[in-house]
Structure formats: C-alpha cells, structure tokens
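Presented below is the structure to which this report refers.
The values are calculated or read from the model by the stated rules, or taken from the named source; none is laboratory data. Everything numeric in this text was worked out from a predicted model, so none of it was measured. Ideal geometry is used to build each Cβ from the backbone, glycine not excepted, and the neighbour counts take in all protein chains shown.
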Amino acid sequence: MIHRFAEHWSSLSHTAGSIGPSLATFLDRVDPIVQPRIALLDIDLIGNRMPIRLFATSRELSVGQNLTGMDGLKFYSERLRGHVWTVATHVVTRPCGYLTERVMTSVRGGSMRFLSLSLPIANPAGHAPCLAHCTAPIGQVPDEPEAAQVNSIDLGRWIDLGAGTPSTPAA
C-alpha cells in the first residue's frame with residue numbers, strides 16, 4: 001500500500017518549481033486502492049496548526065471517528081506534537097517525504113501498528129502547503145474501532161525527493 005501510494009504520487013504531473021503534484025491533480029486522479037487510506041493536512045505555518053482537510057474512509061474505520069476539520073496535532077500524544085510539527089513543516093518546505101511506523105493506542109488500551117508515508121502536495125498560492133499522508137495497518141485492525149491517539153513513532157526515515165533531507169532526531 002505505501003509503495004503504491006509513493007508510485008501514484010510520483011506518477012502525477014508536477015508543475016515546474018512546485019513541491020509536488022497540485023492538490024487539484026491529486027484529487028482528480030485518485031488511485032481507488034490508495035484513496036481510502038489517505039489523509040490530507042494543510043500545514044498552517046503561521047498558526048502552527050495542521051487542519052485535516054480529508055480523512056478517508058478506511059482511516060475513519062481504523063480509529064472509530066472522522067477527524068476531518070480537526071487539528072491533526074491533537075491526534076498525537078502531547079509528547080510527540082513538537083516532533084510531528086517539525087516533520088510536517090520539513091515535508092512541505094524542503095520538500096521531502098517521511099516514512100514511519102506508528103503505534104496508536106485506543107481509549108480502552110488496545111494498540112494498532114501502522115506504516116505511514118507523508119509526501120508534499122502543492123496548494124494554490126496564498127494557501128497553506130498541504131501534505132498527503134497514507135497509512136497501512138500492520139496486522140489486524142480491531143472489528144470495533146474506537147477513538148485512538150498516536151503514542152509512538154518508530155523507524156522515522158526521510159525520503160529525498162530531490163531537495164535533500166533534514167536531520168531531525170527521532171521522536
């Protein structure tokens with residue numbers, strides 16, 4: 001799933017000088033296998049927020065709630081929010097990609113592991129930059145999803161998209 005997402009992102013046309021495919025191109029040329037696992041987040045560099053523009057169906061089913069409109073930083077434990085913000089800003093400003101393994105813990109204490117990839121999406125001038133985030137479960141997702149929060153991020157690896165990669169300490 002993650003590899004297919006990366007291939008799909010790479011196959012989309014990129015305007016010269018842009019950080020990635022445009023939001024319109026990304027939304028107009030969806031991959032029906034990948035799309036249910038996508039979240040789109042606007043990275044508000046002035047307000048230090050990550051409003052979730054789109055939270056696709058499989059993701060909603062995995063966590064038992066639709067997070068569209070929510071500040072994506074609130075989906076992470078307090079301890080991880082600074083790291084997540086730093087990664088998101090690098091993804092959309094450098095640009096680069098970021099691959100991780102994440103552990104989400106539900107309100108009842110159950111845990112789920114996901115492989116995740118974040119890639120930049122170009123927004124029209126005057127709008128906050130955007131990132132596309134794809135997740136794929138590692139193992140079984142509970143039949144009865146419930147509200148969850150990301151409590152650990154492992155295997156953080158930068159992906160060079162041609163502009164190099166930052167060196168950010170692991171979370």
Can you confirm whether Val107 is of a type in the set (Val, Ile, Thr) and buried (at least 16 other Cβ atoms within 10 Å of the Cβ)? no
Going through region 65-86 one residue at a time, which ones are under 19 Å from Ala136 (Cα atoms), buried (at least 16 other Cβ atoms within 10 Å of the Cβ) and not hydrophobic (A, V, I, L, M, F, W, C)? Gln65, Gly72, Tyr76
Of the conditions (1) at pLDDT 90 or above; (2) surrounded by 12 or more Cβ atoms within 10 Å (Cβ to Cβ), Ser62 fails just one. Which one is it? (1)
What do you reckon, is Thr89 among the β-branched types (Val, Ile, Thr), in a strand (DSSP E or B) and either over 26 Å from Gly20 (Cα atoms) or touching a residue at least 24 places away in the same chain (Cβ under 8 Å) (or both)? no
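Considering each residue of region 92-111, count those that are outside any loop (DSSP other than H, G, I, E, B) and not acidic (Asp, Glu), and give that number.
13
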I'd like the residue in region 9-59 that is among the acidic types (Asp, Glu) and out of contact with any helix residue (DSSP H, G or I) (no Cβ under 8 Å at 6 or more places or on another chain) and, out of all such residues, is surrounded by the fewest Cβ atoms within 10 Å (Cβ to Cβ). Asp28
Quick one: what pairs do we get from region 112-127, first residue in a loop (DSSP other than H, G, I, E, B), second not acidic (Asp, Glu), C-beta under 6 Å, 6+ apart or different chains? Asn123/Leu23; Asn123/Pro129; Asn123/Cys130
Out of all the residues in region 1-8, is one or more of a type in the set (Lys, Arg), crowded, with 16+ Cβ neighbours inside 10 Å and assigned to a helix (DSSP H, G or I)? no
In this structure, does Glu7 turn out to be touching a residue at least 12 places away in the same chain (Cβ under 8 Å) and either under 25 Å from Gly164 (Cβ atoms) or of a type in the set (A, V, I, L, M, F, W, C) (or both)? no
